[in-house]
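Below: one structure, written as structure tokens.
The values are calculated or read from the model by the stated rules, or taken from the named source; none is laboratory data. From a predicted model like this one, the values you see are computed outputs, not experimental measurements. A quick note on method: Cβ atoms are made from the backbone with ideal geometry, for glycine too, and the neighbour counts reach across all protein chains shown.
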Amino acid sequence: MGRILALLYGIGSYLVFFVTFVYAIGFVGNVLVPKSINSGRSASLARSILIDAVLLGLFAIPHSVMARPRFKRWWTRIIPEVIERSTYVFVSSLLLTFLFWQWQPIPSVIWEVRNPVGRAVLQVLFWMGWAIVVLSTFLISHFDLFGLRQVYLHQVGKPSKDSDFRTPGPYKLVRHPLMLGFIIAFWSTPKMTFGHLIFAVGTTTYILIALQFEERDLVRIHGNAYESYRERVSMLLPIPKNR
């Protein structure tokens, strides 16, 4: 693939991700988007649960499989290695967009916090969760994570290599602050509908399962450095581990 074409593809994939990410905030928070987690026409309860579960699976399975080293080795026989990450970002964004579009709301209320202080606290936690997500990407390597660094280095003719293992800021408290941010954002709502609960439970379950595979890959890549890190720092809860 030509350098200019790869760069344009990487930038385009990043822009698609950026729009999808911003929409995701509105979708989960029910703010400023035409179709949110609680809006739209409702089908029967059984049909809605089935559709939403399938949508979560359609995102989770490819998203996790495409991140595995074995798949990457096979995949880069078909597509240029320089755009592998950008393609992962692009496909994940399309799958999320499809989920937003087809999501079936289930408006039955599980809980609703009416106290103004309680609502305000949950809203702050919601935005704090998304802020943790964004901050965590920049503290490691935002542009590497979303494929821009790879296509830029290809454009200027420099070799690309894996980022060094670092544990800045919140990574000293938990091993996966980015995923912790998602969990906080997904659960922090003053009004938890049954549809939102399915989304929160489904995504949290996926995160907990996917992290087991991610941890294995990180041990293979970073070896003893990551093993030592895992012994010192908890996965998601900022609780000191016994030594």
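For the reader, a short list of remarks on this structure follows.
- Evaluating residue 79 against the criteria (1) farther than 24 Å from residue 133 by Cα; (2) among the hydrophobic types (A, V, I, L, M, F, W, C); (3) at pLDDT below 95; (4) surrounded by 14 or more Cβ atoms within 10 Å (Cβ to Cβ) leaves one unmet condition, (4).
- The residues in region 20-61 that are assigned to a helix (DSSP H, G or I) and either within 14 Å of residue 105 (Cβ to Cβ) or not hydroxyl-bearing (Ser, Thr, Tyr) (or both) can be counted, and the count is 25.
- Sole exception among (1) of a type outside the set (Val, Ile, Thr); (2) surrounded by fewer than 17 Cβ atoms within 10 Å (Cβ to Cβ); (3) modelled with pLDDT under 95; (4) in contact with a Ser or Thr (Cβ under 7 Å, 6 or more places away or on another chain) for residue 125, by number: (3)
- Flag if residue 132 is at pLDDT 95 or above, of a type in the set (A, V, I, L, M, F, W, C), under 23 Å from residue 65 (Cα atoms) and touching a Gly at 6+ places or on another chain (Cβ under 9 Å): no
- No other residue among 92, 86 is within 27 Å of residue 30 (Cβ to Cβ), among the small types (Gly, Ala, Ser), in a helix (DSSP H, G or I) and under 20 Å from the mean Cα position of the chain (by Cα) apart from 92.
- Restricting region 62-83 to residues that are of a type in the set (A, V, I, L, M, F, W, C) and not in a loop (DSSP other than H, G, I, E, B), the residue that is nearest to residue 16 (Cα to Cα): 83
- Beta carbons closer than 6 Å, at least 6 apart along the sequence or on distinct chains, pair a first residue in region 45-70 that is over 17 Å from residue 97 (Cα atoms) with a second that is assigned to a helix (DSSP H, G or I) and of a type in the set (Ser, Thr, Tyr) for 66/88.
- So residue 126, is it in a helix (DSSP H, G or I), farther than 19 Å from residue 206 by Cα and of a type in the set (A, V, I, L, M, F, W, C): yes
- Inside region 1-43, residues that are among the β-branched types (Val, Ile, Thr) and over 16 Å from residue 97 (Cβ atoms) make up a count of 3.
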